[in-house]
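Following: one structure in structure tokens, then a few remarks.
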């Protein structure tokens, strides 16, 4: 597991550099999922935690991505920090986080974000924005003067890597690519042509 630990530590170092670069959203990552017919889709989400267990993000579990992960529990992530000219790709299985972990993260969210999670029927058709605003106001009244519980349809997912690839820009497009990957339960490392 030494190579895997090395890859995670390397990612954490790059993430710290991205945060130090004062980027607006240094934890932004593209998340790619696939539906039951093999149709891929991609969107940007925020990384909320990373350690040797994997890369964690949170969402409405009844959203498009939640539905796709329920059918095919695999995903790919892409981080691109342009000021650093660094990119990291992650591929792997996806598993839901536990309730205690989701509750702990939920408690750190701003109150307006908590209300938004209750109000939004994420990925469902919306006739007009006023409907969303009325739903938000409804939950604002419902949870006035008390803590907002985590909705049953809102939780986190952990991408458990079986591949992490680091890309560094170099002159003449002779970029450096280094891939860490699991093969037969052993982590390996190789260089890849740019």
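The values are calculated or read from the model by the stated rules, or taken from the named source; none is laboratory data. Quick caveat: nothing in here was measured; it's all calculated off a predicted structure. Backbone-built Cβ (ideal geometry, glycine too); neighbour counts: all protein chains shown.
Residue 109 falls short on exactly one of the conditions (1) touching a strand residue (DSSP E or B) at 6+ places or on another chain (Cβ under 9 Å); (2) part of a loop (DSSP other than H, G, I, E, B); (3) touching a residue at least 24 places away in the same chain (Cβ under 8 Å); (4) closer than 17 Å to residue 59 by Cα, and that condition is (3).
Of the residues making up the stretch 10-58, those that are exposed (fewer than 11 other Cβ atoms within 10 Å of the Cβ) and part of a helix (DSSP H, G or I) number 2. So how many residues does the stretch 55-75 have that are closer than 22 Å to residue 177 by Cβ and either touching a residue at least 60 places away in the same chain (Cβ under 8 Å) or in contact with a helix residue (DSSP H, G or I) (Cβ under 8 Å, 6 or more places away or on another chain) (or both)? Qualifying residue count for the region: 2.
In this structure, does residue 139 turn out to be in contact with a helix residue (DSSP H, G or I) (Cβ under 6 Å, 6 or more places away or on another chain), surrounded by 15 or more Cβ atoms within 10 Å (Cβ to Cβ) and at pLDDT 95 or above?
Considered against the rule, which asks whether it is in contact with a helix residue (DSSP H, G or I) (Cβ under 6 Å, 6 or more places away or on another chain), surrounded by 15 or more Cβ atoms within 10 Å (Cβ to Cβ) and at pLDDT 95 or above, residue 139 comes out as yes.
For the stretch 170-180, filtered to residues that are exposed (fewer than 15 other Cβ atoms within 10 Å of the Cβ) and part of a loop (DSSP other than H, G, I, E, B), the residue that is modelled with the lowest pLDDT is 174.
In the stretch 90-103 there is at least one residue that is in contact (Cβ under 8 Å) with a residue 40 or more places away in the chain, in a helix (DSSP H, G or I), out of contact with any helix residue (DSSP H, G or I) (no Cβ under 6 Å at 6 or more places or on another chain) and surrounded by 14 or more Cβ atoms within 10 Å (Cβ to Cβ). Residues of the stretch 155-169 that are within 23 Å of residue 83 (Cα to Cα) and not in a loop (DSSP other than H, G, I, E, B): 164, 165, 166, 167, 168.
Checked against the criterion of being under 21 Å from the mean Cα position of the chain (by Cα), part of a loop (DSSP other than H, G, I, E, B) and free of Cβ contacts under 8 Å to residues at least 12 places away in the same chain, the candidates 152, 125 yield just one match: 152. Can you tell me which of 154, 167 is closer than 17 Å to residue 6 by Cα and buried (at least 18 other Cβ atoms within 10 Å of the Cβ)? Step by step, each of 154, 167 is checked, and only 167 is closer than 17 Å to residue 6 by Cα and buried (at least 18 other Cβ atoms within 10 Å of the Cβ).
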